[in-house]
Amino acid sequence: RAAVPDEIEIKDWDITIKTRSLAVDIGIYFGEVFIKNHKGLKWEQYLTRSKYHMDKGHMVIKGFGKGLLNSIWSLYITAKRLARKEETGEAVYEFYTMLENRLDEKYK
């Protein structure tokens with residue numbers, strides 16, 4: 001620690017493996033609920049030639065124009081933000097509402 005400059009923040013903790021596992025499960029459930037409430041949506045594996053796309057190989061939900069939903073990754077990030085108290089308990093509801101507003105018309 002003494003050798004690290006003050007402007008670099010060192011985290012003293014991280015979420016546990018159990019919390020990570022729960023966040024992944026919640027992300028899958030979130031995606032399933034979104035698909036159930038919006039006919040025509042489905043899980044798809046995102047395949048791209050780009051080696052650098054963050055969703056390459058992941059299961060995603062398409063239907064947001066050029067965008068897509070990786071609910072597993074999104075809810076994992078939300079769990080980390082909740083643990084750091086950067087988000088409130090309303091974060092998941094707000095995320096769901098925002099996604100509904102971005103959804104292509106044919107799925108609404």
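Hey, for a label at Tyr29 modelled as a point 7 Å past Cα toward Cβ, could you say which residues of the range 65-90 have their backbone N under 16 Å away? Only 71-80, 89-90 fall inside the zone, counting backbone N under 16 Å.
For the chain, a simple Cβ point-charge model (Lys and Arg +1, Asp and Glu -1, everything else neutral) yields a dipole of about 540 debye relative to the Cα centre. Look at Ile8, Ile35 and count the other Cβ atoms within 10 Å of each Cβ; fewest to most, that gives Ile8, Ile35.
Modelled spin labels at Ile15 and Ala2, positioned 7 Å past Cα toward Cβ, are 3.6 nm from each other. Just tell me the longest site-free run in the chain, where the sites are GluC sites (Glu not before Pro) in a DSSP loop having at most 15 other beta-carbon atoms within 10 Å. Segment 10-85 is the longest.
In summary, the helical segments of the chain meeting the span-like criteria, namely a full DSSP H run, a Cα extent along the axis of 27 angstrom or more and a mean Kyte-Doolittle hydropathy of at least 0.0, are 17-37.
Run through the range 1-89 and list the trypsin sites (Lys or Arg not before Pro) located in a DSSP loop whose Cβ has at most 16 other Cβ atoms within 10 Å. Each step should come with its number before you reach the end.
Values: sites: Arg1, Lys11, Lys18, Arg20, Lys36, Lys39, Lys42, Arg49, Lys51, Lys56, Lys62, Lys66, Lys80, Arg81, Arg84, Lys85; in loops: Arg1, Lys11, Lys39, Lys42, Arg49, Lys51, Lys56, Lys66, Arg84, Lys85.
Passing sites in the range 1-89 are Arg1, Lys11, Lys39, Lys42, Arg49, Lys51, Lys56, Lys66, Arg84, Lys85.
Greater than 27 Å separation of Cα atoms is the criterion. Which listed pairs, Lys11/Lys66; Lys56/Lys106; Lys42/Lys66; Lys18/Lys85, meet it? From Lys11/Lys66; Lys56/Lys106; Lys42/Lys66; Lys18/Lys85, over 27 Å: Lys11/Lys66.
Every number in this text was worked out from the coordinates using simple rules, so none of it is lab data. Keep in mind that this is a model prediction, so the values were computed, not measured. Neighbour counts run over all protein chains shown; Cβ positions are idealised from the backbone, glycine included.
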